Amino acid sequence: MYQNRVKSKARLIIRILAGVSLSGCAGSAIAADAPKSAVKRPTLERFKEEHLQKTHQDAEAVRKARQNIGLPTGWRDIRSIFHAHAEDSEHTGGTRPEMVAEARKSGVSALFLSDHFRPPRDFVTPERAGLVDGVLLVPGSEWAGFLILPTKSVINKMKTPANELLDAVRENDGMAFLSHVEERQNHSMEKLDGQEIYNRHYDAIVDSKGLMSLVLAMTSKKTIDDFQHKIDQYPDETFAFQVEYPKLYLEKFDRELLKKRLTGVAANDCHHNMVLLVKKIDDTAVLVGTNVDKDSQMRRIPVSLAPGISELVAGKKPGDVIAKVDLDPYHRSFAGSSTHIFSKELNDKALREAVKGGRAYVSHDWICNPEGFWVDVKDSQDKNIGMIGDELKFQADKSQSVHVRLPAPSALVRIICDGQVVGESTNCTEAKFKVEKPGVYRVEAFQMLDGEYRGWIYANPIYIR
Ligand SMILES: [Zn+2]
Ligand SMILES: [Zn+2]
């Protein structure tokens, strides 16, 4: 199927959706929803081997169709991770050297750290900043519902009211983002540079059945073997089985973009703390938990609930770790979601400037490496007049158009203006949308995996005033 898509690369379907008002949409309902697929699979169904396999095959086909395409002269696509944890709390399993090594291996060039604040320890320290083995570290903290990335220590401001803290953080190129947006839907964005537009942790917490299925997978020899087999064969698909379209996050983003410029980033929220463990209590029960849990935090599962435990505990001593499945090594978390920054240089100052300028997009990289993705605005002479993050003046003769270019065919590319879908293009590596009205325009790209549209790219907006 994808082979045909490559051949039909030039084919371009532009459909302005019926019923969408083309005159000013500011103030209208913010209602972009996940695109409708033929099927919507519950996460428990996605977690079954046959569906992981089909998802894997479909993603593999996208990757095979991918071509290396360069960016306009001078620009680099710098793959970065926002909201990253290492050796910063009792619930974090990973270390900073481990994270840097995995970043290098994965093609991640910058890590925007989010240390859980543990006074009196500061998080703006020399070892958390600058290039380490070719990976740029940007010191920061997850605190009071924000990702803060100051350029100098704000340790004496951490306990001050939010407004005071944010003012201190944002001095001299410091940045602050709203985090875990589900908990603060109505939070003011006045003193913030942006917000998370995707958060892996949110997908996990709203899917308690999916989380429970991971625990139950650890309660018999057969299910543990099956689980390990899935991780070996389909690691990224398994890690992504709970990932959904981030409607709640994007709704807030679209609503706030009507008021001010903001940059959306992906909350990776990696901790390397999902190494699932089974410990023997006695012949009648086990504890199931993770590498960061104390025994008291693990879940006790008795034989009466999971008969397979009898076989698991046979011949083991109480306290023995019987089984271990590592779901979230850093490289897999990174593949799950990252933030790509368009910058001409890789250094702290350049990346801050690019992020503040909105020159970034969020991607679920495991589906297919998105590098080569580019959006620009052209005039009637086909001349480039703007890119992601830019502010442009609306041309009343409607001669402007937004051009999207992708390194692999996308099942669906859509453009959203002020929170409403105003154009779609299917099965294409290029898409072009006419600018019919002023507004805040952002692009989303999806892939069809196992019959479902799965989000691939969520770009930051272009502002056409
Ligand atoms: Zn944490
Ligand atoms: Zn976090």
Over all Cα pairs of the stretch 361-465, the Kirkwood radius sets Rh, and Rg/Rh then becomes 0.97
Exceeding the 18 Å Cα-Cα cut-off - candidates 209/279; 221/280; 48/222: 209/279
Name all residues of the stretch 97-114 having a backbone nitrogen under 19 Å from the label point set 7 Å from the Cα of residue 321 along its Cα→Cβ direction, giving them as ranges. 97-99
Note down the net charge around residue 300, summing +1 for each Lys or Arg and -1 for each Asp or Glu among other residues with Cβ under 15 Å from its Cβ. 0
Under Stokes-Einstein, the stretch 164-291 at 4 °C and 1.567 mPa s, with its Kirkwood radius over C-alpha pairs, diffuses with a coefficient in µm²/s of 74 µm²/s
How high is the relative contact order of the stretch 275-326? Use alpha-carbon pairs under 8 Å, at least six apart in sequence, and give a whole percent. 47 percent
Over the residues of the stretch 305-392, compute the C-alpha Rg and express it relative to 2.2 N^0.38 Å. 1.99
The stretch 275-326 - percent of accessible surface contributed by carbon and sulfur, probe 1.4 Å: 51 percent
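Provide the gained length on full extension for the span residue 221 to residue 163, in nm with one decimal, where the gain is 0.36 nm per separating residue minus the Cα-Cα distance.
Residue separation times 0.36 nm, minus the Cα-Cα distance, leaves 15.6 nm.
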Counting only heavy atoms of the protein chains, get the accessible area per residue of the chain (1.4 Å probe) and round it to a whole Å² value. 41 Å²
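Considering all projection directions equally, how large on average is the shadow of the alpha-carbon convex hull of the stretch 229-361, in square nanometres?
11.9 nm²
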Equivalent ellipsoid semi-axes for the stretch 79-231, as square roots of 5 times the alpha carbon gyration tensor eigenvalues: give them largest first, rounded to whole Å. 31, 21, 14
Considering all alpha-carbon pairs of the chain, what whole percent are spaced by more than 33 angstrom? 39 percent
Total formal charge among the other residues, if their Cβ is under 9 angstrom from that of residue 398, Lys/Arg +1 and Asp/Glu -1: 0
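Once neighbouring chains are kept in place and the probe is 1.4 Å, which whole percent of the accessible area of the stretch 92-212 is contributed by carbon and sulfur?
Heavy-atom surface of the stretch 92-212 belonging to carbon and sulfur, 1.4 Å probe: 53 percent.
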With Cβ to Cβ distances under 12 Å as the rule, what net charge do the other residues near residue 102 carry (K, R +1; D, E -1)? +1
Antiparallel bridges, percent of DSSP beta bridges restricted to the chain (to nearest 5): 80 percent
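So if I take the alpha carbon set of the stretch 275-326, get Rg, then get Rh from the Kirkwood formula, what is the Rg over Rh ratio?
0.93
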The stretch 395-465, dipole about Cα centre (Lys/Arg Cβ +1, Asp/Glu Cβ -1), debye to the nearest 20: 260 debye
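Contact order normalised by length for the chain, with contacts defined as Cα pairs under 8 Å and 6 or more residues apart; what percent is it?
It comes to 21 percent, rounded to a whole number.
Provide the packing ranking of 145-152, 413-420, i.e. peptides ordered by the mean count of other C-beta atoms within 10 Å per residue, highest first.
Order by mean packing, descending: 413-420, 145-152.
The values are calculated or read from the model by the stated rules, or taken from the named source; none is laboratory data. Remember, predicted model here, so these are calculated numbers, not experimental data. Glycine gets a Cβ as well: all are built from the backbone with ideal geometry, and neighbour counts include every protein chain shown. Surface areas here come from the heavy atoms of the whole protein model, side chains and all, with no ligands, DNA or RNA. Shrake-Rupley method; radii C 1.70, N 1.55, O 1.52, S 1.80 Å.
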